[in-house]
Amino acid sequence: MKDGQIKICYIGGGSRNWAWVFMQDLVFEREIRGTVELYDLCYEDAKSNEIIGNKLMENYNPGLVNFHANNSLEDSLKGSDFVIISILPGDFEEMAIDVHAPEKYGIYQSVGDTAGVGGIIRAMRTIPQFREIAKAIKKYAPEAWVINYTNPMTVCTRTLYKEFPGIKAFGCCHEVFNTQNFLARVLEEAGLALPDSIKRRDIFTNVFGINHFTWIDKASWKDIDIFPLYREFIKKYGKTGFNTVKEIEKDPEKRERQRQKIADLVL
């Protein structure tokens, strides 16, 4: 940290998922000042995120955080206080193989990015990249805190420590948050609350396990046990599925207004 300002190196800075979520979070943060270096193998994607991030900050939180696309990993890492990693090991066709290749042998997975055969296949692509990333962090930013969002989460984080035992790294995932949001829909479907009236943070969940192999054995809201309601929910929607699409996504006019609002902000 220099002069009260932090430097964040974002490896995978061209991300269209985690990078955008991160930018939105910084919009509401008033105590962080500094620079986010967006490093990506596809510099054009990082440059696009630079434009989006700076436009967001300009409109909602001016003068606090600056986004900068950088095609040098060395330069991006030097002097960094934090390093965020969210990369896609391979392409979407390879990700499809992670799921569908095991099916030939009777092994079915909803996702193939952490556990089971699909997770092993993905790990074989990811580990070599994370070894190189760990070496670079050790050389250019050994004191930085490292936050990993790449799957297989546990394998990636363990690889960082294997290559650089002194690293300060931990892995994060949004899976529990999404489950809490889903349980809020269960409560609404049971008629206990109005649509979108329950906040995720108001739902208690007892969580254990590892990333993408997580279990919840208790869930409650205002001392109401959600599990009996969930069992009824499954009976009702187990075969047909449940539509969680928001109203704005179902209404073409509202969707177009939202799209135009985003376009006006970015352009």
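Each value in this text was obtained by applying a stated rule to the coordinates, not by laboratory testing. Computed from a predicted model, the values in this text were never measured in an experiment. As a convention, Cβ positions derive from the backbone with ideal geometry for all residues, glycine included, and neighbour counts pool all protein chains shown.
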Problem set entry | Given charges at beta-carbon only (K, R positive; D, E negative), |dipole| of the chain in Debye | 440 debye
Exercise. Per-residue HN-Hα couplings for segment 34-39, Karplus 6.51 cos²θ - 1.76 cosθ + 1.60 at θ = phi - 60°, whole Hz, x for Gly and Pro?
Worked result: x, 10, 10, 8, 9, 9
For this session: Rank Gly191, Gly118, Gly79 by mean-square fluctuation in a GNM of the chain with C-alpha springs under 10 angstrom and give only the top-ranked residue.
Result: Gly191
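Rounded if a/c is under 1.5, else prolate if a/b is larger than b/c, else oblate: which is the chain, with a ≥ b ≥ c the root eigenvalues of its Cα gyration tensor?
oblate
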Exercise. Within the chain, what percent of beta bridges assigned by DSSP are antiparallel, to the nearest 5?
Worked result: 30 percent
Seminar exercise, completed: Summing +1 per Lys or Arg and -1 per Asp or Glu among the other residues with Cβ less than 14 Å from Ile127's Cβ gives +3
For this session: Could you work out the relative contact order of the chain, using alpha carbon pairs under 8 angstrom and six or more residues apart, expressed as a whole percent?
Result: 14 percent
Exercise. Gap in Å between the Cα centre of segment 153-190 and the Cα centre of segment 99-114?
Worked result: 21 Å
Seminar exercise, completed: Distance in nm between Leu194 and Ile32 label points, each 7 Å along Cα→Cβ, equals 3.3 nm
Exercise. For Glu163, what charge total do you get from the other residues with a beta carbon under 9 Å from its beta carbon, if Lys and Arg give +1 and Asp and Glu give -1?
Worked result: +3
Exercise. Of Phe177, Phe208, Ile167, whose Cα points farthest to the positive end of the dipole of the chain (charges on the beta-carbon: +1 Lys, Arg; -1 Asp, Glu; origin at the Cα centre)?
Worked result: Phe208
For this session: Collect residues whose amide H, placed 1.01 Å from N in the peptide plane, falls under 5 Å from the amide H of Phe67; neighbours closer than 5 in sequence don't count.
Result: Val36, Asn54
Exercise. Sorted by packing (mean other beta-carbon atoms within 10 Å per residue), highest first, where do 219-227, 30-38 land?
Worked result: 30-38, 219-227
